[in-house]
Ligand code: 3HC
């Protein structure tokens, strides 16, 4: 089973990052967006990020131009019929994902593989929206996608082993990512461990026990983490962190997964982190 033609649903931070790594690895990538202005924004996001590599001497101008040319953003889901692998990177809204997977199932060729980059929704739930659940799995990338080496591969109870093997092979040998295999539980491996830690940092701030700066400095200096937990939440997006905590809490009903009130209030206030210019910190 060869994976060559890639589809990505959504050209936001994660979708654009996934499109970038696939295109740099030589795959033809079609990205779906929902509005004309988002088409242009997604195309520019990918081009800008790839071009940044040229100024840093990581990629030649020629290779960058070729990679940018391999990415096309469209409004037409009908164009995804010939895709070997479609990776959904839409917002973490369950009903939206069911709708997308139902439509993809109608359009993508029967042998096509459908993957979700969901951070915490059990994959079998989206697979259930299709008539090919054995060809559906989780392919979870990390932010920033071009930099973070890991992809979690999530097989559901019904994912065919050869489908998981084909996607693992693509992630490892074409994208040159590190892969781990995880079962289909909310949060998989990384978020099941990371989200309680991030929530605990918010609770610590909320209780006035320590400042944001000191919480972050402590984990950087004391544990060697590249970013403190509140800076990391600002980077991944507080809405994404909240959605992940809600999914984990819904799955396990364990208090360490419960989203802190401050996290909810900041999302209500539109303080989503870097992408809105303000989260725990302010960004110019
Ligand atoms: N896109 C592309 N490249 C980027 C980038 C981006 N958004 N951000 C940073 N980089 C590159 C820089 O260009 C630089 O490359 P170079 O070394 O070749 O010059 C390199 O990454 C290091 O960047 P900086 O020197 O600017 O800054 P740092 O040393 O602090 O590294 C970082 C930045 C790699 C983001 C590092 O801080 C880090 O690893 N942070 C933790 C990230 C993390 O934990 N991600 C997982 C989040 S959880 C998740 O995504 C799951 C979801 O479901 C919630």
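Rule-based calculations on the coordinates, nothing more; no lab input. None of the values given here were measured: they were computed from a predicted structure. Quick reminder, even Gly has a Cβ in these numbers, built from the backbone with ideal geometry, and neighbours come from all protein chains shown.
Below are the figures for this structure:
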| read-out | value |
| --- | --- |
| Pairwise FRET efficiency - residue 283 versus residue 69, Cβ, R0 = 35 Å, nearest 0.05 | 0.65 |
| Rounded tilt (10° steps) of 94-107 against the dominant C-alpha axis of the chain | 10 |
| The range 191-275: C-alpha pair distances exceeding 18 Å, % | 38 |
| Label point distance in nm, residue 225-residue 147, each placed 7 Å from Cα along Cα→Cβ | 1.5 |
| The chain: translational diffusion in µm²/s, Stokes-Einstein, Kirkwood Rh over Cα pairs, 10 °C, 1.306 mPa s | 82 |
| Choice from 126, 151, 54 with maximal GNM fluctuation in the chain (Cα, 10 Å cutoff) | 54 |
| Cα-projected label distance for residue 58 with residue 2, points at 7 Å along beta-carbon direction, nm | 2.9 |
| Cα centroid separation - the range 101-116 against the range 220-284, whole Å | 32 |
| Mean Cβ count within 10 Å, highest first, over the residues of peptides 245-251, 28-34 | 28-34, 245-251 |
